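A short worksheet on the structure shown next.
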Amino acid sequence: MQDESKTKVQLIKELRQLRAEAAARADNRADENTSAFYEILEGSLNEIYFIDAQTLKFIQVNHGARLNLGYSQDELKKLTPVDIKPEFTRESFLKLIDPLITGKKKKIQFTTLHQRKDGSLYPVEINLQPSLFQSHKVFIAIVLDITERKQIEEALAEQQAQHDEAQRIAHLGHWMLDLLNNDLVWSDENCRIFGVESGTANTYQTFLKIVHPDDYAFVDRAYTESVKNNTPYDIEHRLMMQDGSIKWVNERCKTFYDDDGTPLRSIGTTLDITERKQAEELLKKSERQMKSIFDAANDAIFIVDP
């Protein structure tokens with residue numbers, strides 16, 4: 001019985017030792033996981049912020065964010081997101097994150113400006129979501145510096161503005177007709193030429209409604225045959241505007257087809273030639289007047305006193 005008792009005691013000791021070793025290994029793995037997590041956090045190219053859900057103060061901020069903002073970790077732990085977001089007050093920021101607090105949303109995304117320690121600003125895109133960090137409720141913000149993207153967008157917008165201005169000056173618009181969905185897209189200048197508000201949804205039929213009634217059949221036939229026969233579309237015709245005035249346009253387009261010959265879309269231009277047509281009409285009128293004068297002169301009888 002004594003030996004059996006010793007055996008039980010020994011087993012208990014061994015079990016305790018095994019549990020202690022397992023706990024130690026678990027702690028080591030936890031430390032290793034924590035260490036790996038911090039390495040990933042610090043090495044991320046994005047800015048990453050851990051924000052206390054109660055106080056809104058920063059708990060942890062990664063190297064990318066500290067480098068871009070110019071603050072140290074200790075300095076940032078005294079700040080809140082509002083301190084680096086000049087477009088927000090505490091009240092407006094709380095209103096923004098209210099869906100996260102109430103559980104209505106799991107994540108929100110928004111763009112704003114960040115202010116560096118030196119006062120300079122840069123645009124950011126922020127993904128914010130609730131989480132747990134070291135048993136604390138936090139918000140995790142993954143922030144992307146979008147300065148380069150904004151610069152590209154601004155450059156493209158400037159190019160588009162210049163392009164639109166060039167079209168306006170030249171009275172040249174462009175358009176695309178999706179033949180599968182009957183979706184007609186007009187540039188801003190094309191809308192101006194046709195007297196339609198920019199961004200209005202159009203179809204081939206709405207285009208035909210603006211064509212002068214006397215040119216309707218001619219225009220419809222010319223375009224339909226160009227698509228059917230894969231031939232050039234280059235015509236001049238009139239438009240009947242809502243105020244009753246008449247415009248002249250020169251339209252050209254090219255139609256694209258799939259491998260089996262099904263027409264997919266037409267891409268074309270519209271040139272406002274109203275002034276040219278008016279000048280041509282004035283020239284013709286002047287020529288008719290001159291011809292009438294010369295005809296009358298040829299019929300005149302002159303009496304000369306000898």
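All of the numbers you see were taken from the coordinates with simple rules; none came from a lab. Fair warning: this is a prediction, and the values are worked out from it, not measured in the lab. Cβ sites come from the backbone with ideal geometry, for glycine too, and all protein chains shown count toward neighbours.
Which percent of the Cα-Cα distances in the stretch 141-280 go past 22 Å?
Details: 4454 of 9730 pairs.
Summing the P(r) of the stretch 141-280 above 22 Å gives 46 percent of all pairs.
Here is the link list: K106/K137; K57/K104; K104/K150; K77/K107; K57/K85; K85/K150. Which ones come out longer than 21 Å on Cα distance? Numbers along the way, then the final one.
Working: K106/K137 14 Å; K57/K104 23 Å; K104/K150 31 Å; K77/K107 23 Å; K57/K85 13 Å; K85/K150 18 Å.
Over 21 Å apart, Cα to Cα: K57/K104; K104/K150; K77/K107.
Which net charge results for the neighbourhood of L144, defined as the other residues with beta-carbon distances under 9 angstrom from its beta-carbon, given Lys and Arg at +1 and Asp and Glu at -1?
On the way: positive: R149; negative: E47, E125, D145.
Counting the neighbours of L144, the net charge comes to -2.
Find out how many positive minus negative residues lie around P123, taking Lys and Arg as positive, Asp and Glu as negative, among other residues whose Cβ is under 13 Å from that of P123. Display every interim value, and only then the final one.
Numbers: positive: K85, R116, R149, K150; negative: E47, E87, E125, D145, E148, E153, E154.
Spelling it out: positives minus negatives among the neighbours equals -3.
Once you list every other residue whose beta carbon is under 12 Å from the beta carbon of G70, what net charge do they have if Lys and Arg are +1 and Asp and Glu are -1?
On the way: positive: R66, R116, K117; negative: E75, D118.
Surrounding charge for G70 is +1.
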* Structure fact -> Sequence order, the stretch 91-107: Karplus ³J(HN,Hα) from phi using 6.51 cos²θ - 1.76 cosθ + 1.60, θ = phi - 60°, Hz rounded, Gly and Pro as x, gives 5, 5, 5, 4, 5, 5, 8, 4, x, 6, 5, 7, x, 5, 10, 9, 7
* Using bins 10 angstrom wide from zero, how does P(r) for the stretch 202-271 break down, in % of all Cα pairs? -> 19, 52, 23, 6, 1
